[in-house]
Structure formats: structure tokens, C-alpha cells
Amino acid sequence: MNHKHEEILESIWVASESGSATMETIRSRCPDEFSEEGLLRLEELGHLTHSGRELFLTQKGKHKARTLVRCHRLAESLLYTVFALDWEQREALACQAEHTLVPELADGICTLLGHPTECPDGKPIPPGVCCVTQQQMIGRQVIPLSELEVGSKARILFVKPKNYDRLHEITIVGLTPGVVVTLYQRSPTYCLRFDGTELAVDHRVAQDLFVCPISGDHDAPSPPPSPAHCRR
Amino acid sequence: MSCASKTIAIVGNVGVGKTTLCGHLCKGSRRSRTAPGCRTEFVEASLDGAARRGDSKGWRRLSWRDGLFRARAHAIDAAPGSGSGPETDRRPASTPVTLVDTDGAACLLVGGEDESTGRNLLLAGEADALVVVADAKNLRRSLALFLQTCEFQLPTVLVVNMIDEAQRLGLQFDLPRLVAAVTVKTEPLKAGEGRITERMAVLFDQAQIPSVRVSYPEQVEKALCALAELLGGAPIPPRALGLLLLAGNLRAQQMLESEFDAETADKARAVVRKAEQAFRVPLYTVITSAVYATAERIAEQVTIYRAAPGADLLQRFGHYASHPLFGLPIALLVILAGYYWVGVLGATIVVDYLRVHLFDALLLPACARLLGNLPWTFVREAFLDPNFGLVQSALFLALGIVLPVLFFFYTFFGFLEDSGYLPRLSALLDRSLRRLGLTGQGVLPLVFGFSCITTAILSARVLRTQKERLIASFLLLSGFPCAPMLAVMLLVLEPLPWTAAATLFGTLFVQVLITGILANAIIPGGGSDFILELSPIRMPRLRAVLNRARQQSWQFLKEALPAFMAASFLLFVLDRLGGLAALERFSRPVLKGVLGLPEQSVQVFMKTMIRRENGAAELTLVRNHFTSLQLVVTLFVMTVMLPCVNSAVVLLKEQGIKVSVLLLLIIGLYALLVGAGLNWGCHALGITFQ
């Protein structure tokens, strides 16, 4: 199976998300042109069946398509939250990544990002094994600042605000990804220290700041390395 | 400001020390001071003030200003009327310079609905040079603001303030590297440093147009190039205008419509739309992110991290001040300290001393002797009448009672303001204030309410939603005695048992809680986010605090003394014409029937309307006609019902005529109702405060 076949499977998955998997909708969603031969090959491999104009994924096909879509949307989330790329760049890179990402690496990205349920465009990310077993990996995952323990340090990985005004407010006080914060009080407001600044934020803001706890006694605020360093 | 004068704007984030720097730069010259974050009008300070008075020290300090504009070729003439002292002759010809202390801005490009003086000044093209004040403790944020000002292509100096506080936190800076990165002259300053050194003079001499640029994403850069071509001839650099348009700034959009023809405006809007479509997130977040990324890069390059020493005593105090357990006792201690300083030392000991030793012994008899020989009875009485005479009820009240107490109050308030305690109080009270429809940010206007209601209503602008601003204005008008009023209230209450003060302030407090909760339920809209920087706790400089208290007291005297005199004279004339008696008859059913007050309360309320503390001070003169309970009820109704003329005008300006009139009517009726309730309640319970 080549990349073209994978694109077809992915298009069928995306089309069925919107409730209609007819040939036309699938063609409109597939970035590459595809022929009858491609469909026949997939049918031979046991990935799909058809009934009239509609195409259906088999269990095997579903599994493959789900993995592809998961990798694509996770790659998009990573490129959006960590590298702040715009839509076109994200799409182009994610299209390449989905074919090469191994499931273990996808799970790693998923954990790093706090097991996101939606990609930046609001489409659902199919959950992986790591999402199911996330309780066991509690020490490694990304948590909202509101769940950080008093006295611990954490690096801000991304901000997932409920509205853009909040994102703007958070940015202009200097809480940008990469910054290491120390939470020294949780009630009545969350008080945190970073660089030379102390800030008080309310619960709603603390819930939107996603951080990766870091251990050790780094008294001096270290320059922010890339977020990947957070993974232990 | 004459057309030849030059304007230097001081810009920076909130709380980086702009006002302090401005104060030091134009020491001795006239300037007004308002609450942080609410400087509605430019605070202008002409540097000529010092030279005009022949203050040679001041002149030396300010002599850099000629050099600042040397690079900008223009005719330099001696400012008209700018010299009578001996120094003037030796002075080189100069351009008068006006320093503009702008309000703290978080972001210059984005926004536009709020009145950011810095942004408006830059947009109007009125600034000739900039002093950007940075906070060394948060260099990234300060540099982000600096990078935004760079787009305006003005000669700039970067002042890195609070370098000592940053060092205490383990941060050091590679200053030569910083200068190379920001491409303008940079001066480190310690927090509150008063010394404007020779280095500063040299520095201003070399103010340069910065060449550092933020690298925006490709689509934004393309749009900026297209806009810069379209918008040539704008009063500000076209690229800056383009950036403001992309960020969705409202004033920039207005400028586009007013300065350019319809075709150009349409083309520019099309460029903006196209750029917007290239991103999934609003452009202003794209622009802010790019600015912060560049600022972060520079900050990282120039910051040297050292191990921070352990928290010192002040820092620990700061943590306890917003602690859920210790915060409240600390707040109570602060209030108690304020009461002893203002209420006991100021309002009792000092005022009594002044009254006995200065006014009763010397000044009042001297005035009586001096004016007693005036030939016309009417004029003589206008001065010497014990109830409405100018000497007794205006001069003595203002100078002998209100002024000393006010000075004590302003010193206490200045101490609190400079200590950095107030943001901690905000953090502590955020949750409680949410029940009243406010956030922790509401602490600032409410605490200012104890200083001056007018300033407090203005400072309510820092609140983010209209609902919060409305509730804050309502609470301020209906439950907060301002400093002069509070001072006189303490004086009136002083001979009464403590239960009187407890009842009065308790009732005020409870009704503020109830009205806040009700207003929160009635007025539609949700609460906003609470994000507040907790500036470090520092020991305030006594001299600065005393100086400011002196300035504020002087400002009060200038404003209030004429009002006191006018009010006294008006009441005197009204009394002689029989108008006061008619008013007393007219309002008797309400005053006596509902509130249970004597006739003299009419003159008290009349004076209250002109200035609140004037009425309260009048109460000290006529208190013999009142029972203790009546005093408490009068003070309550005065505090709740009547705003002074100033605050009514400001309310009108801030909230519009419909909302203001409605607000004042509701408050008036409400005050009568609660006042009557207080009167009857105390009567029913047999409480007389005797």
C-alpha cells in the first residue's frame, strides 16, 4: 500500500465523520486524484467494501484510517501549539508526517500535549492507547497549572484559552510557552513566580495554562529549551 | 503648549516607574498626579518650570534637553517668557520641552477602545521623542513594548529601571549586548532612583531612531509592504499604521477613513482582509506572538541568570499578605495602623493641638480684631458670623481641620501605594469581590475611594467590563467616604463611644455588600479574568511619600478653599434673605419626620453638596444641636446620598447622562430609606450612643 492508498482511506474516514461517504464527497476531500484501480486494490487488501455509490471501511481499513487521522491531527496540534505555524504550513507538514509517524512516537506527542481531544481546527483526534492508560503516566503528562502542587516548578508548554482575548492577556503578561514558573499559592488566587515577576491569576486562567512539571532544585530560572526537553 | 515646543513621551508597562522618573526629571515644576492606570489627560510637566524660578540646580539637571533635538534640524529659539532668573542670560537658546507621563500600557498595537494616552499620542504623531521605561525584572515584557514603539521611528532612549531589584532576584544583564540588540542608548536605573545623572544628560543627547525590527510571519510582512506603499503621507510612519490596521486598532481605522480617499482605504482594507484569511487565529494574536518571540530572544541573549538568594523579610511579608490564612489578619492590622495614624494622631492629637494653640489662641482672635473694625455690618458678618462666616466656617474648617487630617491620610495612603501591598490585597480579595460582580482588580478603585471618589471613578477604567465599571461606580458613590470626608467623620465620631463608629462603618460596609450582591445579580454580563502582576514589596521612601502628600494636600487646598468660601458665603446670603429658614420648613417632613434630624441638618446637607467634607466639617460646628444618634444618621446619609460636584461630573462623563441620573436617583432614595431604617432601628432598640 502506498501513500495514495493511505490518502483514500483517510478521506473515507473524514467523509464518514461528516455523515456522507459517497464517491463525490470522498473525492472532494482527497488531496490526490484517485482512480478505480486504487479503490479495487484497497478492496483486494480487505480495507474497504462498497454499496452503490457509497464506500465503507472494513475493520482492518478503519484501524488503518484511524491511525492515519490520529497521526495527522496530532502532528497538526504539535505544529500549532509548539511551533505556532499557520494553517497552510501545518497542513503541508502534517500530510507528510501522517505517513511516517510510528504509533509509539504519536503516543509520545499525544502525551506531551496532554492527550488533546481536538486538533486546532476543532476536529476530533481519535484516542490512542496512551489516552486510555494516561492515569498510569500521570507523572509524565502535561497538566493544567490549576493542578500543579504548591511549591513545584513547571514549564509552560502551551496555552489553550477559551477565547482569544484571554490568550492576548496571558501573552502580554509574559506567560508564553517555554517559561518556567513556580506556583507558591493556590488559594484564594493562584500566585506564581517566573523570571523576576510575580503574578496572581484566577482559576479560569490557571486551567488554560498547560504545564509540564519539572523536578530538581533549579533556583535560577533557566532559559527555555525546546518543549521536547520536558519529556523524561 | 506652543507650537515650537517639543514633546517627549515617557512610555512603559504598568508600574515600571514612569511617574517616578517623570517626577525626578521635572522636579520643582508643576504637575498633577492621578491614580495609576487612570491618567485620562496627559500629565504634562514643562521642564522650564525649574529654570523659570531661577533654580540653578534644576537648570543643570535639565540642561540635556537642548542636545536631544540637535539631531533633528529645526530653528531653536529661546522660549517666549521662559526666563526671568539670572541663569536665563547664560542659557543657550533652547526649545521648551514638555514631558508627557503616559499611562501604563501593556500593548501599544492591539486594542483601541480604551484610552491609552501612550498609544493616542503616538497615533496622533504628537510625540517627538520617546523614553521607554523597562522593568529589569520583566525584561521580556518591557522589550515587547519597546519593539512596538520602534515602529513609530522616533528618537528613543531605553531606561532599564529597577535593576537593583532584578539583581536581588538573581538576574544580571549584559548591557553592552542589550544596547547592540535594541540599537538605542540604554540607561540602567535603580528602583525609585532620584539622581538623574550626568550620564543621563549624555544619553539624551544621543537619542537615536532604533533600527531593530520584529520579524513577522511572511504573510504579515507581505501585507505590511503592500500597506506601506498605499499609506504614504500618513501622519505616522506607514508601516506603523499598517501594523495597527492589521492588529485591528480602532483609532487606526478611523485615521484610515479621515486621512485617505475612499479608494485607498478600500484597497488597504482588502489587504488586511487577505492577511486575515491566511491565518486561523486573529491577526492580533499572530502579531503579539511575533513581538513577544523577538522580545524573548533579545531578553535571553542579554540576561545572565544567577542563583537567587533566599526570600528576604519583605518578600516573605509579600507572600503572607496574599496568603489565605495570614492575609486577612494583615489587612486588619493595616486598617488598624491607618486608624491610629490618621484617626488618632492626625484627627485628634494634631488637630486639637492646632485648634488650641494656633487657631483659638492666635489666628481667630487676630482675624476678629482685624475685621471687627469693618464699617459695614453685612460685610463684617460675612466674615465673622459664627455659623456662616468665612473665617470660622471656611478658613478654619479647611486649614485647621481638614488639611492636617488629610495630610496624615495622604502619607498613609502613599505609604500603602508605594509599598506594593495593594496588588496583594487584590489577590487576596479576588474571590470575595466576585460575589459583588467585581474581580481582584476592583480593589484598586475601591481603595482609591477612600482617597477621592472622583479619582476612584476614573480609575474604575482599569476594570475590563462595563458591568464591573458600573458596579464599582455605584459602590463608590453609595458607600465610600473620601479622605477629607473620612477625616472629618473621625473627628465628629471621636467624642462618641466606639459603638457609634462601629454602627456607622458597619452599616456602610453591610450595605456595600448587599448592594454589590444585588447589582451583580441584576446587571447582566459575566465576570472577567483576573491576571495581576504582584510588584515586589519595598520599603517606601519616606521623603517621596511626604513630598507627594504635601503636593496632594496643596492640590486639595487650591481646589477646596474657594469652594469652602463660596459655600459659606452662599449660605450666609441665603440665611440673611430668609431662604434657609424656608428650606428648613420645606424639608422638615423628610428630615425630621423620616430621618429624625434637627433643622441645622439643612445647612450641613447644603454644604455637603458643594463639597462632601465641607458638610461634615459644618457638622463639627453645629454638633451641639444634634444628639449622638442624629450625628451618626447624618454622617451615614451624607456618605451614601450625596456625591460632590466633581464626582457627579466625572460620573456623567464616564457613564453618560441616562445612567448617571438613574444611578444618582436610586442612590438618593436608597440613602433616605436606609438612613430612616438606621434611625428607627436604633430608636426601637434604645441605642442612643450616649
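Structure values in brief
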| read-out | value |
| --- | --- |
| FRET efficiency, B:Ala366 to B:Leu542 (Cβ-Cβ, R0 45 Å, nearest 0.05) | 0.85 |
| Accessible carbon and sulfur surface of the range B:328-371 relative to its total accessible area, %, 1.4 Å | 80 |
| In nm, spacing of pseudo-spin labels at B:Val649 and A:Glu33 (7 Å Cα→C-beta vector) | 7.7 |
| Three-way shape call for chain A based on the alpha-carbon gyration tensor, with the a/c threshold at 1.5 | prolate |
| Probe 1.4 Å - accessible area at A:Arg29, Å² to nearest ten | 110 |
| Rounded, prolate or oblate (a/c below 1.5 giving rounded, otherwise prolate when a/b exceeds b/c) for the range B:370-493 by Cα gyration tensor | prolate |
| Chain A - percent relative contact order, Cα under 8 Å, separation 6 or more | 15 |
| Pairs from B:Lys607/B:Lys653; B:Lys18/B:Lys137; B:Lys18/B:Lys190 whose Cα-Cα separation, in the structure shown, is over 19 Å | B:Lys607/B:Lys653 |
| Charge dipole magnitude, Cβ of K and R +1, D and E -1 - chain A, Cα centre, debye nearest 20 | 620 |
| Stretch gain in nm, segment B:Val14-B:Leu333, where the contour uses 0.36 nm per residue and the Cα spacing is subtracted | 112.1 nm |
| Nearest 10 degrees, 0 to 90: helix A:87-100 Cα axis against chain A principal axis | 70 |
| Pairwise FRET efficiency - B:Thr688 versus B:Arg306, Cβ, R0 = 60 Å, nearest 0.05 | 0.35 |
| Protein accessible surface hidden between A and B, which excludes ligands and nucleic acids, total in Å², probe 1.4 Å | 3700 |
| Most mobile of A:Ala15, A:Ala154, A:Ala84 in a GNM of chain A (Cα contacts under 10 Å) | A:Ala84 |
| A:Lys123/B:Leu325 FRET efficiency (R0 41 Å; Cβ-Cβ; nearest 0.05) | 0.30 |
| Size of electric dipole in the range A:70-177: Cβ of Lys, Arg +1 and of Asp, Glu -1, about Cα centre, debye, nearest 20 | 260 |
| Inter-site label distance for B:Arg273 and B:Asp164 at 7 Å from Cα along Cβ, in nm | 5.7 |
| Counted charge near B:Gln315, where neighbours are those whose Cβ lies closer than 11 Å (Asp, Glu -1; Lys, Arg +1) | +1 |
| Percent accessible area from carbon and sulfur atoms, the range B:596-690, protein chains only, probe 1.4 Å | 71 |
| Per residue accessible area of the range B:136-277, 1.4 Å probe, in Å² | 41 |
| Full-stretch length increase - B:Glu257, B:Arg588 - with 0.36 nm per residue and alpha-carbon distance subtracted | 113.2 nm |
| Around A:Tyr190: net Lys/Arg minus Asp/Glu count, Cβ-Cβ under 13 Å | -3 |
| Cβ-defined net charge surrounding B:Leu139, 10 Å radius [Lys, Arg +1; Asp, Glu -1] | -1 |
| Anisotropy class of the range B:427-471 from Cα gyration tensor, a/c 1.5 cut | oblate |
| Of A:Gly196, A:Leu68, A:Leu79, farthest towards positive along the dipole that unit charges on Lys, Arg, Asp, Glu beta carbons give chain A | A:Gly196 |
| Cα→Cβ-extended label distance, 7 Å offset, between A:Met23 and B:Ile522, nm | 6.8 |
| Residue of A:His203, A:His72, A:His168 that the Gaussian network model of chain A assigns the largest fluctuation, springs spanning Cα pairs under 10 Å | A:His168 |
| Whole-number accessible area per residue in Å² for the range B:463-548, which is evaluated in the context of all protein chains at 1.4 Å | 41 |
| Qualifying GluC sites (Glu not before Pro) in the range A:23-87, DSSP loop, other Cβ atoms within 10 Å at most 10 | A:Glu33 |
| Apportionment of accessible area to carbon and sulfur, the range A:3-57, percent (1.4 Å) | 51 |
| Helix A:103-112 vs. chain A, principal-axis angle (Cα, 0 to 90°, nearest 10) | 30 |
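The values are calculated or read from the model by the stated rules, or taken from the named source; none is laboratory data. Computed from a predicted model, the values in this text were never measured in an experiment. Using ideal geometry, Cβ is built from the backbone for each residue, glycine included, and neighbour counts are taken over all protein chains shown. Accessible surface is based on the protein model in full, side chains and every heavy atom, while ligands, DNA and RNA are left aside. Shrake-Rupley method; radii C 1.70, N 1.55, O 1.52, S 1.80 Å.
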